Structures are given as C-alpha cells and as structure tokens.
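Take a look at the structure set out below.
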Amino acid sequence: MVARIIAVDPFDFVIFGGSGDLSRRKLLPALYQRDRAGQLPEEARIIGTSRRKVTDEEFQKVAREAIESFVSKSDIDAEVLDRFVARVGYVSMDATGSDGWGDLAKRLNEEPDRIRVFYLSTAPDIFGPISEQINAHGLITEKSRVVIEKPLGKDLESAQALNASVGKIFAESSIYRIDHYLGKETVQNLMALRFANSLFEPVWNARYIDHVQITVAEEVGLESRAGYYDTAGAMRDMIQNHILQLLCLTAMEIPTSLDADRVRDEKLKVLNSLAPMTPAQVAQNSVRGQYTAGASVNGPVRGYLEELGHPESMTETFVAVKAEVGNWRWAGVPFYLRTGKRLPSRVSEIVVQFRPIPHTVFEESAGQLKANRLVIRVQPDEGVKLWLMIKDPGPGGMRLQHVPLDMTFAKAFAVRSPDAYERLIMDVVRGNQTLFMRGDEVEAAWRWVDPIMDAWMSSGEFPKPYRAGTWGPSASVALLERDGRTWHEE
C-alpha cells in the first residue's frame, strides 16, 4: 500500500494577516492537522505577522484558541497541540511600510536554506506592495513561494494589474493562486475517474452526453461578508473561479502527464473555447437573482437588502448561466452553471447527464426508462453516484428502476478526509502547482465573464427576486425547461 503521508522538507510558513479570520479558521487548523498526521518536519516554523503589537507567547495563545475553536474536539491531541503551538512565532510589522521587516528577516535568515512560504492572507490590493517589500528586504530565495487568495481581480483589467504587480517580483513558477475547491477530494477524484478508468473516456463526449450541470449552492446569507459581497456578487464570487475551474476539469482533454503546466494548459484551452455571448445571448442564457425574506433550516431569515441595509443594491446573490464549450468534443452540449445564497441546502456537485438509449426493447409495463447520470458530489458527503436502470428484484415480470451505484468516500475509506487547505498548503511546500491557477487561466476566465456582467449592467435590470429557502428565480427553471431539461435536485 502506498503511504498516505508524504513527508515534506523543512519550511518556514509566514502568514501575512496572521491574526485574521482566514488564518484562524483555515490556515492554522490545517497546519495543525498536518502536524497531527506526522507530516510536518520537526524543524518547521509558522510565523504570523500583522500590525498588532503582541509577543510570541500571546500569538501562540491565539493559535491555541483557533485550534480549539475550529478543529473537531475528537481531533485535538493535547501533546500534538503543545508541539504545534511551540512552532508558532510572531512578528509585528507594517506589511507595506518599513516597520518590522528587519525582525522578520532576522528570523528567516536563521535558516536561509529552508523552503519559504509567504501566504498573503490580506486584501488583494496590497499583494503587489507586500511582494515588493519581501524582495526589497532580500527575503526571496530559490526556495521561496508566494500564495495569494481570491478575489484575483474584479474584472480582466484589475486581474492583469494584479498578476503584473506580483509577477514582476516572483516568477510564475513561484506564484500559487489558491482556489480551495481544487483541493477537495472529489475534485481530484474527477481526474482519477476520467483518466484512470477505461469505462468513461470513450463516452465522455457530445455523442453520448446530453448536458452537464454544475451547482454550488449555499444555505447561508451574507454572514460577515457584507462589505465584500456587495461589491462582488455571485458571478465574481463563485462563477469566475470555483465553478469555471470545475467546468475545466470536467471538459478538458487528457493531458500528456499530470505535470502542473500540462494540466493547466488543457484547462486554459477549455476557458479559451467558452463561446462568448452577445448582450442578446446574455439575456437569453443567463439569470440573475436576489433573495428576499423567507426561511432557512434555522427558521425565518431576512432578505438580502434588509441584511445589507442598502435598499437599492443591484448585486446578484444567484446566477444561472448556460455556457457552451466550442470544440469537437463538446459541440452542442450545454453546460448549465448555477450558484446562489439562501438556497434550500448546501451542496456542490457536477452532474453529467448521458443521452437516453436510442431504442427500447422493454414494454411500457416495465416502467419509464431514464438515461444514465453520473453525479460527482464535491460537498457535503463527498462521493460519486452512477445512476443506472436495473430490474426490480422479485417475480412478476420485468419492472425497471433507476437506482444509483453509490460510493460515498466516508463509507468507502475508513479514514479522515483532509480539508482542502491541508492538501493545498502541503502542495505549496512541495512545489507542486497542479491544483493552483496560472495567471493566464485567471485572465481567460475574466475574458468570458466580463461581457456577461457588462450586459447585465447595461440592461439596467434588477436581479429577479426569489424567496430565501428556494432554488432561485423561476426563470432559472425556465432556462433548462425550454431546452427540455430540468435541474438535478436530489
């Protein structure tokens, strides 16, 4: 059996914005879990930075509280937690000014030959200035990597500017644009499913596939993200990055190898093949929505405008788009993309709907024949279901039923599934960019998204209302029904 834990070389992990929400909720817990699994080398150090004037010991307390708050109680081992916290240090500094950089340099230069990861858990508008300061203080080595989080721009122009500001300091091979969706187990299993099995590749094309649906649904509303979300909306927040990345992995050709650039070359081809839309096509092939008051699993909830406190906001909280990949493999196969807040359940999935059989030999009494369907569940309950027609057991003639072959990962593998950030952080340390976006990918996605958003703004139309707790505006149902299809809502 192949070892599940692959050791990494000694590293220093510097978190700019170390006391922020992402650091406490995701980064520190992910690093703790890798330490608990025995993957962190003894020499590994984690250094938090921010403007706050605190000591190492005070930041270690922050780290301990983060683990205790955001890691399952069953995963907390007192001995491991003590060991992990001992790795944590802190430097008070002005990330874009001069204060504190000498202190950071002193710590890092204690071990100049180690891998250095600079994680920019900050606002994107200071990615460039921080990179310049890292370079100005001589902290970049051959083993340095920089990690940046979305939003990677708000349109093509700003994305190009962001890429240029970081790219003039760091080589593309050292830049890791993180999309946590690509670290999820099922997303990687999509590549295994397609490229490690002879069953699917012969039918993975327009001849056998009727359409593809990609849904990322959330139950929550604004939560603590009102300031960001109202300037972004569902298209920028979800479609441009997460959902288009899922589309790429579903639609791309088989790469010549799993080398990072070979995989990303194929994803880029998909993005460049997305058929651009005119304003008239945008009006026909897309739906914007905004939730109103309704109910969630926890009871009554307010509408978006009430939560926001801005009664005239035109920001969409729901988007459905019919996209087309203009190449031979996918000619005529629509890709229906859907995302929204305050929907009935939290679910992310890819549905590959196959075409019906061309001719039936069964009598009507056998029941309705339904086409095969492959459902790849990204979250929650990660797994794969292949829906097939089978005979209902028992005597009394031929009765057919549509049932799934179900492989839920938690049931199939009696091991804990690592969080996406755990996998991606370790890939950064290893220098593996396969699951990270390249700069030209980001820009190609914006080239497709920008005209859609421009058409929305030019129309002057407000998003269509939908009640919280429902599956979005009725127009999103019509988007598929006029093609003779329906959304998969299991």
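The values are calculated or read from the model by the stated rules, or taken from the named source; none is laboratory data. Here the structure is a predicted model, which means the values were calculated and not measured. Counting neighbours? That spans all protein chains shown, and the Cβs are built from the backbone with ideal geometry, glycine included. Areas reflect the complete protein model, heavy atoms only, side chains present, ligands, DNA and RNA absent. Shrake-Rupley method; radii C 1.70, N 1.55, O 1.52, S 1.80 Å.
Worth a mention:
- One residue from S224, S198 being exposed (fewer than 15 other Cβ atoms within 10 Å of the Cβ), of a type outside the set (A, V, I, L, M, F, W, C), in contact (Cβ under 8 Å) with a residue 40 or more places away in the chain and over 22 Å from P358 (Cβ atoms): S224
- Looking only at residues in segment 280-308 that are without any contact (Cβ under 8 Å) to a residue 40 or more places away in the chain and not acidic (D, E), the one that is least open to solvent (accessible area, probe 1.4 Å) is G299.
- Pair list, Cβ under 9 Å, 6 or more apart: segment 449-469 residue more than 16 Å from A234 (Cβ to Cβ) and touching a residue at least 40 places away in the same chain (Cβ under 8 Å), other residue part of a strand (DSSP E or B) and of a type in the set (A, V, I, L, M, F, W, C): R467/A295; G469/A295; G469/V301
- Residues (in a loop (DSSP other than H, G, I, E, B), open to solvent by 10 Å² or more (accessible area, probe 1.4 Å) and of a type in the set (D, E)) located in segment 309-340: E312
- Looking across segment 243-264 at every residue that is out of contact with any Lys or Arg (no Cβ under 9 Å at 6 or more places or on another chain), in a helix (DSSP H, G or I) and within 22 Å of S174 (Cα to Cα), the one that is least open to solvent (accessible area, probe 1.4 Å) is identified as V263.
- G20 buried (at least 22 other Cβ atoms within 10 Å of the Cβ), under 27 Å from D125 (Cβ atoms) and within 28 Å of the chain's Cα centre (by Cα): no
- Yes/no for G233 being open to solvent by 60 Å² or more (accessible area, probe 1.4 Å), of a type outside the set (D, E) and in a helix (DSSP H, G or I): no
- When the criteria are applied in full, D9 meets the requirement of being in a loop (DSSP other than H, G, I, E, B), of a type in the set (D, E) and either closer than 19 Å to F118 by Cβ or open to solvent by 40 Å² or more (accessible area, probe 1.4 Å) (or both).
- Test: residue in segment 400-411 that is of a type outside the set (F, W, Y), within 18 Å of F118 (Cα to Cα) and modelled with pLDDT under 95: no
- Single match in T292, T256, T250 (criterion: under 21 Å from the mean Cα position of the chain (by Cα) and over 14 Å from E441 (Cβ atoms)): T250
- Within the option set S131, S92, S50, S72, being of a type in the set (S, T, N, Q), more than 28 Å from D419 (Cα to Cα) and without any contact (Cβ under 8 Å) to a residue 60 or more places away in the chain holds for one residue only, S92.
- Residues in segment 453-465 that are within 25 Å of the chain's Cα centre (by Cα) and either closer than 30 Å to P300 by Cβ or surrounded by 16 or more Cβ atoms within 10 Å (Cβ to Cβ) (or both): M453, W456, P463.
- Only listed residue being in contact (Cβ under 8 Å) with a residue 24 or more places away in the chain, under 18 Å from A123 (Cβ atoms) and within 17 Å of the chain's Cα centre (by Cα), chosen from N163, N241: N241
- In segment 419-440, the residues that are open to solvent by 30 Å² or more (accessible area, probe 1.4 Å) form Cβ pairs under 7 Å with partners that are assigned to a helix (DSSP H, G or I), at six or more places apart or across chains, as follows: D419/A30; D419/Q33; R423/G183; N432/A260; D440/L268.
- No other residue among L152, L108, L120 is more than 30 Å from L244 (Cα to Cα) and either modelled with pLDDT under 95 or not acidic (D, E) (or both) apart from L108.
- From S348, S313, residue being among the hydroxyl-bearing types (S, T, Y), closer than 25 Å to L405 by Cβ and at pLDDT 90 or above: S348
- Filtering segment 162-186 to residues that are basic (K, R) and within 15 Å of R264 (Cβ to Cβ) leaves only R177.
- Within segment 94-114, the set of residues being in a loop (DSSP other than H, G, I, E, B) and either touching a Phe, Trp or Tyr at 6+ places or on another chain (Cβ under 6 Å) or exposed (fewer than 13 other Cβ atoms within 10 Å of the Cβ) (or both) comprises A95, G97, S98, D99, N109, E110, P112, D113, R114.
- Selection from segment 115-141 of residues that are out of contact with any Ser or Thr (no Cβ under 7 Å at 6 or more places or on another chain) and part of a loop (DSSP other than H, G, I, E, B): T122, A123, H137, G138, L139, I140, T141
- Selection within segment 142-182: residues that are outside any helix (DSSP H, G or I) and among the aromatic types (F, W, Y). The member of this set that is surrounded by the most Cβ atoms within 10 Å (Cβ to Cβ) is Y176.
- Pick from segment 1-45, criterion in contact with a strand residue (DSSP E or B) (Cβ under 7 Å, 6 or more places away or on another chain) and among the polar types (S, T, N, Q), ranking: nearest to V80 (Cα to Cα): S23
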